[in-house]
1. I'd like to check one number: the per residue accessible area of the chain, probe 1.4 Å, reported in Å² as a whole number.
2. On a full-extension model of 0.36 nm per residue, what is the gain between Ala9 and Asp111, subtracting their alpha-carbon distance, rounded to one decimal in nm?
3. By how many degrees, between 0 and 90 and to the nearest 10, does the Cα long axis of helix 47-58 differ from the longest principal axis of the chain?
4. Where does helix 192-205 land angle-wise versus the long Cα axis of the chain, in degrees 0 to 90, nearest 10?
5. Setting aside same-chain residues fewer than 8 positions from Lys56, which lysines have a Cα under 18 Å from its Cα?
6. Which whole-percent values make up P(r) of the chain when all C-alpha to C-alpha distances are grouped in 10 Å steps starting at zero?
7. So what is the 222 nm mean residue ellipticity for the chain from helices alone, if each DSSP H run of at least 4 adds -39500 (n - 2.57) and you divide by all residues, rounding to the nearest 500 deg cm²/dmol?
8. Let's test this: bin the Cα-Cα distances of the stretch 154-278 at 5 Å from zero up to the farthest pair and state each bin's percent.
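The values are calculated or read from the model by the stated rules, or taken from the named source; none is laboratory data. If you're wondering where the values come from, they're calculated on a predicted model, not measured in any experiment. We work out accessible area using only protein heavy atoms, side chains counted, and drop any ligands, DNA or RNA first. Shrake-Rupley method; radii C 1.70, N 1.55, O 1.52, S 1.80 Å.
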Amino acid sequence: RATEKYYVAESDHFIATNSISDYMKKVESRLQEEEKRVRLYLHASTEKDLLERCDKVLIDKRKDQFWAEFQNLLEKDQQDGKWWPNPIHWLADLARMYSLLSRKTITNGLDPLKDVLEKHVVNIGTQALAESDGAATDPKVYVEIILKVYKRYNELVNKAFQNDAGFVAALDKGWRRFINENSVTKSEGTAKSPELLAKYCDTLLKKSPKNPEEQETLEILNDVMLVFKYIEEKDVFQTFYSKMLAKRLIHGTSHSEYLEGQMISKLKQNCGYDYTSK
């Protein structure tokens with residue numbers, strides 16, 4: 001009870017004069033100190049109840065403030081519309097928030113964060129496409145912007161949220177919405193996304209001095225499949241891809257037969273035999 005009373009007073013005073021990021025560091029430090037103190041001075045039976053009191057006062061009582069700060073932390077990844085070159089500090093704050101709110105004694109600590117992440121991914125992706133020159137007409141620009149957003153937030157989920165299944169699902173939902181309902185598809189129609197993706201594949205698989213080596217092209221095609229997985233109108237992609245594949249084969253303009261086979265195998269793995277049988 002004395003510990004609880006102490007931390008009620010300390011947390012009220014500290015959070016009134018410091019940022020939430022600093023407060024989270026303070027909480028992390030205090031929890032470690034309490035665990036150490038139990039081992040050094042107290043009976044082991046006191047640990048569970050003592051740490052539950054600490055969680056209640058230092059974290060559970062402040063959940064609303066943590067949730068409100070989460071959006072601000074996500075937005076710190078960008079300055080003047082550009083990604084931070086080094087996201088270490090950004091990831092560290094988010095990882096600390098995840099660690100504190102995922103403690104067993106905290107009820108419903110993470111669910112609001114998942115909803116915010118999903119909406120944020122959609123907003124950031126849509127904004128990036130809307131502000132780019134040529135995303136609606138240049139397949140390379142369109143796909144590379146999508147992949148840049150995906151890789152950035154996939155890194156966030158992996159490193160800050162320990163690949164938590166709930167955050168992976170939130171990222172998937174946001175990603176699917178962003179790919180199928182962005183500024184380009186709203187102005188050009190929902191079929192535009194699969195069309196641009198198929199055209200990007202065509203440029204990669206055609207002979208060109210500008211194209212990378214075979215192994216690098218294969219790695220890019222693996223990235224393309226990340227986008228393809230979330231495309232809703234896969235039949236539209238199939239129509240465009242089939243026509244362009246036929247032209248490459250008829251005119252002998254394929255980069256390599258190996259890459260053509262690899263791409264068809266990847267489509268088959270995602271959609272089954274019937275999708276690629278023709």
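1. Each residue of the chain exposes 54 Å² on average to a 1.4 Å probe.
2. Going from the current span to full extension adds 33.9 nm.
3. For helix 47-58, the angle is close to 70 degrees.
4. So the helix axis and the longest Cα principal axis differ by about 70 degrees.
5. Lys5, Lys25, Lys26, Lys48, Lys104
6. So the P(r) values, bin by bin, are 6, 24, 25, 18, 12, 9, 5, 1, 0.
7. Only helices count here, giving -24500 deg cm²/dmol.
8. Histogramming the stretch 154-278 at 5 Å steps yields 2, 10, 18, 20, 18, 15, 11, 5, 2, 0 percent.
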